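Every read-out reported here was derived from the displayed coordinates using simple, explicitly stated rules and does not represent laboratory data. Bear in mind that the values here come from a model prediction, so they are computed numbers and not experimental data. We place every Cβ from the backbone using ideal geometry, glycine too, and count neighbours over all the protein chains shown.
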Amino acid sequence: MSEKKQQVSRRQFLNYTLTGVGGFMAAGMLAPMVRFAIDPVLQPASQGEFHPVTDVADLTTEPQRVDWTVEQVDAWYTSDVTKSAWVYKTEDDTIKAFSPVCKHLGCFVSWQGSEEYSDQFYCPCHGGRYYKDGQNVKGTPPDAPLDEYEQKIKNGTLYLGKAKPREEV
Ligand code: FES
């Protein structure tokens, strides 16, 4: 190998040096910008949050609808979303909190408490029905029980978290 090939001219040295320094500076400026741009995507979804919905003392054995608002962050867009639940206390003081979203096609169910539906949740869209314990009535369109909210009680207030699917019994 000749000695001539291994020599780097002053021009080449300056080119390499300036390119390297320029690239390093560009990366230094771009990295924070890229991190800022994708930051919302990297944030964990706000799962596991509990929201205060009602005083436990206000609950009865008759299901009551409670509504609350949560802030929903979807990447760079933030909006307020209203959530709902049907909440009641059983005879042995166990609190039940069901999602009002019908498991057939997603309409909202309501508590009938009438003789016609003999204390059932009723979905007006296709006549879906659920017993008071949220189990779907066989022979009606829904094929799964109403989702049940995770719950916590703190200082006499009921907090609800995520609504989770349940097994059919
Ligand atoms: S959406 Fe409820 S029965 Fe169809």
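About the centre of its Cα atoms, region 51-164 shows a dipole size close to 280 debye [charges on the beta carbon of Lys, Arg (+1) and Asp, Glu (-1) only; nearest 20 debye]. Length gained on full extension, residue 17 to residue 94: 20.4 nm, using 0.36 nm per residue less the C-alpha separation. Taking each of 83/164; 132/154; 96/132; 103/154 in turn, the alpha-carbon distance tops 21 angstrom for 132/154; 103/154. Which shape class, rounded, prolate or oblate, goes with the chain when its Cα gyration tensor gives a ≥ b ≥ c as root eigenvalues, a/c under 1.5 marks rounded, and past that a/b bigger than b/c marks prolate? Cα axes put the chain in the prolate bin.
Stretching residue 58 away from residue 82 to a fully extended chain increases their span by 6.6 nm, per 0.36 nm per residue minus the current alpha-carbon distance.
The angle separating the long axis of helix 10-42 from the principal Cα axis of greatest extent in the chain is about 10 degrees.
Picking from 27, 163, 127, whose Cα lies most toward the positive end of the charge dipole for the chain (charges on Cβ: Lys, Arg +1; Asp, Glu -1)? It is 27, whose Cα lies furthest towards the positive end. In the chain, the calculated helix contribution to ellipticity at 222 nm averages -7500 deg cm²/dmol per residue, counting -39,500 (n - 2.57) for every DSSP H run with n ≥ 4. Residue exposure proxy: 166, 11, ordered by other Cβ atoms within 10 angstrom of their Cβ from fewest to most, comes out as 11, 166. Going by a ≥ b ≥ c, the root eigenvalues of the Cα gyration tensor, does region 73-150 fall in the rounded group (a/c under 1.5), the prolate group (a/b larger than b/c) or the oblate group? Taking the square roots of the gyration eigenvalues as a ≥ b ≥ c, region 73-150 is oblate. Taking the number of Cβ atoms within 10 Å of each Cβ as an exposure proxy, the fewest-first ranking of 149, 16 is 16, 149.
The ranking of 76, 86 from fewest to most other beta carbons within 10 Å of each one's beta carbon is 76, 86. Full extension of the chain between residue 126 and residue 6 yields a length gain of 34.9 nm, computed as 0.36 nm times the residue separation minus the alpha carbon distance.
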